[in-house]
Structures are given as C-alpha cells and as structure tokens.
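Note sheet for the following structure.
Readers should treat all values here as calculations from the given coordinates under stated rules, not as data from a laboratory. None of the values given here were measured: they were computed from a predicted structure. Glycine also receives a Cβ, built like all others from the backbone with ideal geometry; neighbour counts cover every protein chain displayed.
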Amino acid sequence: VTAGTGELAKPGRDLALIDIIGLALLGGLAVWMVASLIVDPVLFAKVTVIGISNGSLYALVALGYTMVYGIIELINFAHGEVFMLGSIVAAIFMEDVFNQTSSNPTGWVLLILTMVITMIICAALNMLIERLAYRRLRNAPRLAPLITAVGVSYVLQNVGQELNGTGSQRSRSSVLPDTEIHLGPIDIGVKYLLVLAITVPLLLAMTWLVQKTKVGKAMRATAQDRDASRLMGINVDRIISYTFGIGGALAAAAGLMAFQINESTRYDAGFRFGLVAFTAAVIGGVGNLAGAVLGGYLIGIIYALTEGAKLFPGPEWVQTMVFLILIAFVTFRPGGIFGSNETEKV
Amino acid sequence: MRASKRGGMKFAAVTVVLATLAAACGSDTEDDAAGEATGEATADATAEGSATAEAPADTDAAPAAEGSLVIAIEVPLQGASKDASEAAVNAANLALEQAGGVAGSYTVTTKTYDNSTAAKGGWDDATCAKNAADHVAATDEIAVLGPYNSGCAKIILPVLNQDPSGPMLMISHANTNPGLTKAWDPGEPEIFYPTGTRNYGRLIATDDFQGAAGAQFAQEELGLTTCLVLDDGQTYGVGVATAFKAEAEAIGITVIDGGSWDAKQPNYTAIFENAATESPDCVYLGGINDNNGEQLIRDKVAVLGANDGAVKLIAPDGFSGYPTVQELPDAQGMYITFAGLPTSELQKIEGAAADFVNAYIEKYGEPASFYAWYAAAAMQYILKAIEASDGTRAGVTAAAFSGITVSAEESVIGKEFGLDENGDVTIKDMSVNIMQDNTETYLKPWPLG
C-alpha cells in the first residue's frame, strides 16, 4: 500500500547505512588483526593456534546449541553444563576407572574408549533432559522452556559439584603428549593439534550424518516444518530426541578434550563456556551447522588474540570483545555469517 | 518463516545478553540458602535481609540479653577456600572452648555463616550483604569474627557500623586490603564507617606491606629484574598487585602489567605467550586461588617453565593454605608471602602458641592452614572485649578500641597484641613460604617497613 512512499524508502536507506557501519566495524577488526600480525607475527601465530584449539571446543558445543535451536527454537542453556559434566565424567573414567594419568600408548587408546563412553553417557543425559524437562513445554510460551533450561543448568551444576568435589577447580592429569612441533620460530603444542585431529573428523561425521543419512534428512525436515514432517510419517519426538543426543555427544567430546588440554575440571565451567559457544552459534547463524563451526573458531581466535596478541587490550577485555562482536552481528547481520542459508539449516 | 526466524534471532540475542548480565552479576541471587547458618547455631533470629549495604529499616534491635551471647563467624564454606574456612571455624571454636565458653560473666557460643555460593565457588557479594543484615537482626549476636575475604568485609562493615544498637564489632583474621582501615582507594576508609565510629579490626598485616614485601623479596633474595604482574580483578587482588607494582618500580624492577585475569576462562596460555616476548624472570599473581588460580599456575609453567627455573612465581597469601595448591606439581617452587607467622614458627614459640597448635592437632588430627591461628586470636580478642564491656554491642565495640590487649602468655600467636586506633593489629609479621614436597614450607621472615 505504501510502496513508493518516503516511509518505505527510508528503511532501505537505513539498511544501507547499517551495512556500511557493519562493514566498517568488520574492516576495523581486520585492520587491528593485521597490525597485530605485523608487530609480532610469531606471537600472533602462537596465540592463533591457541585460539583455534579453544575454538574447536567452542565449535563442538556451539553445534549442540545450533541444532537444538534449529529444530525446536529453544536456547538450551543447560547445554554448557552437559559439556562440563562431560569433562568431569571423562576425568573420572580416565583417572579413577582406567588409572591413566600420564602420556603412553595405553592411555591414548583408553582416551578414545573414554571418549566413546562419555559421548554415550552425555547423549543419554541430554535425551533424558529433553524428555523430562522440555518435551511437555514444546508448545508452551517461549519463556517457559527457556527458564526451565536455566533451571536444568543449575541442577546439572550441582551434580557436577557432587562429582567433582566442593572446590571449584580440580587438578587432573593429561595423557596427551606434552611436546611441541617447531615450525621455524613458532612452537605448536602437539596437544593442540590432537584436539584438531579429533574435532575435525567429528565435525565431518556430523555433516555427513545431517546431509547424507535418513535421520539427518528427517532432522532437516523437522526443522523446516514439524507438522508437515509428522504428516510425512516422521516420528518428530524421536528426531528431536536424536538431535539432543547428538548435541550431548559432541559436548561430551569437547568436555573430554577441555579436561585433557587444561588438566583440570571445574563444576562451574559450563555456564560461561556455554554462553560463549551460544554466541559462536549466533555469529555463525543459529540453526546453521557450518556457521556454528566457523563461529566457534572465530570466537576462539578473538578470545586468544584479545588475551595475548600485541595491540589487543588484554585479558580483562576478553568478555567485552566477544560480546561486542555478538552485539555487532545481531545489530548489523542478525542472520549471522550464513544466516540466510535456510537450506543448510538442521 | 524467514521473518519468524529473524524474530527468533532477536529473541535469542536479547536472551543471551540478559544471560550475560546475569552471569556478570555473579550468582548474586542464586543461592540464598548458602547464607544460612551452618555451624554451631544457637541463635534462631533470622532476617529477611535486604541485599544492600544498608542497615535494615527495622532498627529496634535490642542489646543482647545479659548472660548469653553469640559470636558470628563469617567464612566461605564452599569453593576453594572451604578447607581454610573450616579450619578457621575449628580454631576459633577451640579458642572459645579453651576459654571455658565464657567471657567475663557471659556465656558465649558461636554461629557460623557461609558467605559463599556453590555457583560462584567462593564468596558472594549478595550473600555477604544478606549475612550483614542477619547479623544486625540477630539480637543475641554480639560481634562478628571474619570475614575471610576483604571484598566481603567491605560489604558487611558499613551495615554493622550503622547498627542502631552498635556499632557492632567485627574482627577479621584474614582481611589484608588496606582500605578497610586506612587511606587507600578514593573515599576509603571513611565510606565503611558512616557513623564515624570505628568498629572493625584485623589481626594481620595489610597488603601495602605484603605487596611491598613480595617485591623486595623478588629483588633482594632472588635477584629478579622483570616481573609480569596479574591480578584477579577483585578488591584484595587488585590491592596487593598495586602494592607490589608500586614497590617493584620504586626499587628498580621492570613491571609488565598483565591486567586482570578472568576467573572463568578455560586457560591462560595466551597471556603467558604474550608476556614471554618481554622475557620476564618473575610472575606475580595478585589474587586468590579460588579464581581459577591453579589453572593460572599450570599455564605459567607450561609456557614460561618450572618455578625453580628461569621464571620464578610469587603470590600473596591468597594462594596460602590451599591443600590443592600444595599438591599441584606445577606449584612446586612457588613463593608465597603470608601476612603473619606460619604453623612451624608458632610451634617454636613456647607457651600459649605452641600449646594451642598442638591442642588443635590433637583434636583435629592435622595442623590447620595458617589463617586459622589468627581466627583463634580473633576469638581471644573478641572475648577480651566482651569481658571489658557492658555486654551490649556498642559496649563491646568501645571496649575493643579502648586499648585492651591479649597478653603474650595467653596469645595463640605467641605475642601480645591489640588494635591501634584504626583497627590494625599492633604487631605485624610477614613470612615468605615456598612450596616444597607438596607442602607450603616456611622459608624466612621478612622485615616490614
């Protein structure tokens, strides 16, 4: 009705201005990074490797967020706690059950076994949470499952406290080799590379599952239209449950690697980590798998650069940087990096 | 569909920002139950406890009934400080037990308040505020012993100071932030004493001494020249790090200001990689271990090498008395300053000090962390104040600042002590300890001044 009027044209101008501001901010960040690279390229490289390693963990957890949001539009705040429980359960298996506290071939094999066990446990846990806490609220106002998720988060945190001990931090031992690879002046810890070696196949497997399998197709269909999927014979409840299970398994893998890299477990590690991972999912475009992975790596790198690279403001500004980027994305590109690509959405 | 997703996106963004704010505010309202009494409770008075730094509106709190009084003990009983806090409670109760549970003509019992939350894994500002209101409202409470953390003390103190039946006395065994008793940050210490009357004392030396001692030790004993200084962003950590930096610069140590570490970070290797480019030979951690300190120690060693190598690690007493730190392989060789005398030195002082330590070990099976002895000393001082008072809160506070002392013969810290007009202890000791063989071992005393 108002086509051709000034009112309709105005949003168009605003949008262009917003795009310019967004690009300017992005360009500013890029210039900042390039300047830091020029000032101290070796430090920049070392810190970036740390960022990629941490980013791998954020990516795995972000996938869980993005899948659940993509399929039932729930921000599952308890997901970070599943990551935390994954790290503690993995530590219990490695140290108390398998008695592995140093780097050796047996330890590496048992680490893989522990990863499988932990992924199964956390997948089952996440499916249980979905069944007990979220399913009945699926058609409730959006705030109800959100508050429930926060509540579940605190329940899991208390479970973590019971398992991990009352101290917030508990020292653990890693079985990953504590050696470095030297690329010229750059030393890269082998454990960081091992994290990548575990993460990348998991991400590829995830992509294959969603894109190529029948379950994946059902997940995508459910994400597109639940009612239509049900009419097509898809058991929507089961598919949603599978989605939670896969998310829980990926969070468990991230938890195991976090405990191996940091050599500690914390019962209060989940909430903040989950929040950052969710930010990664938002930056990538909530509901988009590739976006979540890219967002995870981006956040990991920004985190590390802010904390350690030259010309960046230092550790006390890490949260500010990350959430400023979140705000910038939400304001200037609310769909995230790949946000408009609906066909890839789970 | 697209519009709906965008709407969802905005909802998600708003939610995550709100959640971030909630996280940033800490778990301020997450665990009120944590503030409930957990110890040898005798008082059943409770307050609704507004979580603000003001006295409750109901100001009819009557003087404590003559004959039976309660001393509140304020400590964090969850998180990394749990062991040290439990030891402090035990030591204070043992000191009371040795005094026969009386002070003058009054029967005295204790009530323990937990000022921590599980979610925070340490002291919590909202819980401290609630506890402060509870102290004022509990009419049989006569004084507060504690708290452990300076930040918590800064919340509780103004509330107790405005107690209409007080001010209510608070004696801390562990607060080292200078601003509680003397000029430090803007407005301090006057902002903690709205009535103008002092009601706070502490029995250990302050961070201006401790931070300076750390810097002097780094240069004079270890010959260090360049120090990376980090703090945990909290009252205590920033204070002691500031004092270290000031003294270090004054005596010629180059300071690399590393800023504040984020307690919720998964690791800190990037911080130390950055510092490594400036070749420090020392790292100073101004803060408390509760704030992910062990991860910081691990990452320091991972990037800059072992503590007995080229880059030494020095920390203040915020890292003292933690069994988990003592048993951490990467903490071995780390130096810790302590604003008092450690167990081994107290045992050498024949008489009340050694007797008390031995009695504690006999009762609890192991020596306490260092601050526990000062909690026992705080109990002794409060009992003296009650004895010299008329049994009211105002009377006990006035007595505490009237020049009373605990004599060397009865002092659990081996020396006669009292409070000066600011509330600082009249004797000040400083020790340097080292982590060796999974034990925090006394290395040497450090002269103050």
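Odds and ends about this structure:
- Restricting region B:268-376 to trypsin sites (Lys or Arg not before Pro) in coil, as DSSP defines it, with at most 14 other Cβ within 10 Å: none
- Projecting the Cα atoms of B:Y193, B:N358, B:T439 onto the charge dipole of the protein assembly as shown, computed from C-beta unit charges around the Cα centre, puts B:T439 farthest toward the positive end.
- Around A:R138: net Lys/Arg minus Asp/Glu count, Cβ-Cβ under 13 Å: +2
- Within 10 Å of each Cβ in A:311-321, the average number of Cβ atoms from other chains: 4
- Cα shape, region A:166-266, gyration tensor, a/c 1.5 rule: oblate
- Along the axis of the charge dipole computed for the protein assembly as shown (Cβ charges of +1 for Lys and Arg, -1 for Asp and Glu, origin at the Cα centre), the listed residues A:L163, B:T176, A:F278 are led at the positive end by A:F278.
- Equivalent ellipsoid dimensions for chain B as semi-axes, Å, which come from the Cα gyration tensor, largest first: 35, 30, 19
- Think of each Lys and Arg Cβ as +1 and each Asp and Glu Cβ as -1; about the Cα centre, that makes the dipole of the protein assembly as shown roughly 4620 debye.
- Karplus 3J(HN,Hα) series, Hz, for region A:233-238 with 6.51 cos²θ - 1.76 cosθ + 1.60 (x for Gly, Pro): x, 7, 7, 4, 4, 5
- Considering only A:T306, A:F93, A:I38, and ranking their Cα positions along the charge dipole of chain A that arises from unit charges at the beta-carbon of Lys, Arg, Asp and Glu, the one farthest toward the positive end is A:F93.
- Members of B:K384/B:K428; B:K82/B:K154; B:K111/B:K444; B:K130/B:K444; B:K154/B:K384 lying beyond 30 Å, as alpha-carbon distances in this model show: B:K111/B:K444; B:K130/B:K444
- Prolate/oblate/rounded label for region A:64-121 (Cα gyration tensor, a/c 1.5): prolate
- Three-way shape label, region A:46-143, alpha-carbon gyration tensor, a/c 1.5: oblate
- DSSP-defined antiparallel bridges as percent of all bridges, the protein assembly as shown, nearest 5: 45
- Relative contact order for chain A: 34 percent, from Cα pairs under 8 Å spaced at least 6 residues apart, divided by residue count.
- Within chain A: Cβ-based charge dipole about Cα centre, in debye rounded to nearest 20 (Lys, Arg +1; Asp, Glu -1): 920
- Whole-Hz couplings from phi, Karplus 6.51/-1.76/1.60, listed for region B:75-81; x for Gly and Pro: 8, x, 9, 10, x, 5, 7
- Largest-first principal axis extents of the Cα set of region A:200-346 (Å): 56, 38, 25
- Cα Rg, Dmax, region B:227-297, angstrom units: 11.6, 35
- Quarter the surface of the alpha carbon convex hull of region B:275-320 and you get the mean projected area, 3.0 square nanometres.
- Residues whose amide H falls under 5 Å from that of B:S172, counting only those 5 or more places apart or on a different chain, are B:G146, B:G201, B:R202, B:L203, with hydrogens built in the peptide plane.
- Charge dipole (debye, nearest 20) of region B:175-321; +1 at Cβ of Lys and Arg, -1 at Cβ of Asp and Glu: 280
- Scaling against 2.2 N^0.38 Å puts the C-alpha radius of gyration of region B:279-392 at 1.36.
- Shielding of A:175-184 by partner chains, average beta-carbon count, 10 Å: 0
- In sequence order, calculated HN-Hα J values of region B:185-196 (Karplus, 6.51, -1.76, 1.60; Hz; x Gly/Pro): 7, x, x, 8, x, 4, 5, 8, 10, x, 7, x
- Close amide-amide hydrogen proximity is noted between A:R172 and A:S264, A:T265, each under 5 Å apart and 5 or more residues distant or on a separate chain (H modeled in the peptide plane; Pro and chain starts excluded).
- Lysine pair number, Cα distance threshold 16 Å (strictly under), chain A, separation 8 or more or different chains: 5
- Scaling the Cα radius of gyration of region B:335-449 by the globular reference 2.2 N^0.38 Å produces a ratio of 1.15.
- Debye log10 I(q)/I(0) at q = 0.08, 0.09 Å⁻¹ for the protein assembly as shown, Cα point scatterers: -0.71, -0.88
- Once each of the GluC sites (Glu not before Pro) sitting in a DSSP loop with at most 12 other beta-carbon atoms within 10 Å is removed, chain B keeps B:67-277 as its longest stretch.
- For region A:264-346, the fraction of alpha-carbon pairs in successive 10 Å shells from zero, as %: 20, 44, 29, 7, 0
- A cut-off of 5 Å between modelled amide H atoms, ignoring neighbours fewer than 5 places along the same chain, links B:T107 with B:G67, B:S68, B:L69.
- Across all directions, the shadow cast by the convex hull of chain A built on its C-alpha atoms averages 20.3 square nanometres.
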